[in-house]
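Engineer: Handing you this structure, nothing more for now.
The values are calculated or read from the model by the stated rules, or taken from the named source; none is laboratory data. In this text, all values refer to a predicted model and were calculated from it rather than measured experimentally. All Cβ positions, glycine included, derive from the backbone under ideal geometry; neighbour counts span all protein chains shown.
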Amino acid sequence: METNKIIAIGDTHGDFGFLHRLNSQYKDSTFIHVGDVGIGYYKPARDKEILENFGTALEVNGNTAKFIRGNHDCPSWFDDRAYGGLQLLRDNQVFKIKDKDFLFIGGAISIDRSYSILKGPILGREFWWEEEEVKVDLRQLKNMKMSMS
């Protein structure tokens with residue numbers, strides 16, 4: 001079991017089985033999920049339970065995870081809520097992880113956005129969100145540069 005790592009992952013699209021397997025391989029490490037977790041997209045009614053289970057599993061291994069949103073994540077979930085060792089981050093936050101500064105910026109634009117709009121609601125909702133776009137707060141980047149000098 002590897003320890004004390006920073007692991008960046010992305011585009012797991014609801015595959016929490018993969019995330020659990022990854023968690024079992026590391027101890028005292030931090031996972032940074034860079035978007036398209038699938039929160040609010042595939043199983044919105046079960047997401048809270050799924051996140052709670054994963055957050056608890058992280059704590060068992062001394063791991064933590066910070067998730068930022070992608071275009072396959074419902075933006076309203078990413079408001080700093082925490083589930084055990086897991087945190088769903090707001091956009092444009094700076095965190096220090098293992099003595100390194102990280103600026104977390106979520107979002108993306110769906111390439112199939114126009115198709116989703118034309119097709120209409122599937123499973124009771126659209127497959128895109130108006131708030132999914134990237135919004136960079138350049139003041140955070142400037143503050144981050146200043147703290148590194």
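Engineer: If you go through segment 79-94 one residue at a time, do you hit one that is surrounded by fewer than 17 Cβ atoms within 10 Å (Cβ to Cβ), small (Gly, Ala, Ser) and in contact with a strand residue (DSSP E or B) (Cβ under 8 Å, 6 or more places away or on another chain)?
Structural biologist: So far as segment 79-94 goes, yes, one or more of its residues are surrounded by fewer than 17 Cβ atoms within 10 Å (Cβ to Cβ), small (Gly, Ala, Ser) and in contact with a strand residue (DSSP E or B) (Cβ under 8 Å, 6 or more places away or on another chain).
Engineer: Go through segment 12-46 and give me each residue that's charged (D, E, K, R) and closer than 21 Å to residue 93 by Cβ.
Structural biologist: Keep residues of segment 12-46 that are charged (D, E, K, R), which gives 15, 21, 27-28, 36, 43, 46.
The one that is charged (D, E, K, R) and closer than 21 Å to residue 93 by Cβ: 36.
Engineer: Going residue by residue through segment 54-67, is there one that turns out to be within 12 Å of residue 107 (Cα to Cα), modelled with pLDDT of 95 or more and crowded, with 21+ Cβ neighbours inside 10 Å? Before the answer, list the steps.
Structural biologist: Of all residues in segment 54-67, those within 12 Å of residue 107 (Cα to Cα) come to 67.
Then drop every residue that is not modelled with pLDDT of 95 or more, which leaves 67.
If we keep only those that are crowded, with 21+ Cβ neighbours inside 10 Å too, we end up with 67.
Within segment 54-67, one or more residues are within 12 Å of residue 107 (Cα to Cα), modelled with pLDDT of 95 or more and crowded, with 21+ Cβ neighbours inside 10 Å.
Engineer: Here's a follow-up. Restricting to segment 17-41, name every residue that is of a type in the set (Phe, Trp, Tyr), at pLDDT 95 or above and farther than 18 Å from residue 105 by Cα. Before the answer, list the steps.
Structural biologist: The initial filter retains those residues of segment 17-41 that are of a type in the set (Phe, Trp, Tyr), namely 18, 26, 31, 41.
After this cut, where a residue has to be at pLDDT 95 or above as well, the list is 18, 26, 31.
Matches in segment 17-41: 18, 26.
Engineer: Output the number of the condition that residue 73 fails; it satisfies all remaining conditions of (1) under 23 Å from residue 23 (Cβ atoms); (2) modelled with pLDDT under 90; (3) within 19 Å of the chain's Cα centre (by Cα); (4) loosely packed, with under 14 Cβ neighbours inside 10 Å.
Structural biologist: For residue 73, the exception is condition (4).
Engineer: When you check residue 109 against the structure, is it surrounded by 18 or more Cβ atoms within 10 Å (Cβ to Cβ) and either of a type in the set (D, E, K, R) or under 16 Å from the mean Cα position of the chain (by Cα) (or both), yes or no?
Structural biologist: no
Engineer: A further question on this structure: Consider residue 129 against the criteria (1) surrounded by 14 or more Cβ atoms within 10 Å (Cβ to Cβ); (2) at pLDDT 75 or above: it satisfies all of them except one. Which criterion is unmet?
Structural biologist: (2)
Engineer: On to the next question. Determine which single condition residue 112 fails, assuming it passes every other condition in (1) over 19 Å from residue 7 (Cβ atoms); (2) at pLDDT 80 or above.
Structural biologist: Failing condition for residue 112: (2).
Engineer: Suppose we keep only residues that are among the small types (Gly, Ala, Ser) and touching a residue at least 24 places away in the same chain (Cβ under 8 Å) within segment 11-46. Which one would you say is surrounded by the fewest Cβ atoms within 10 Å (Cβ to Cβ)?
Structural biologist: 24
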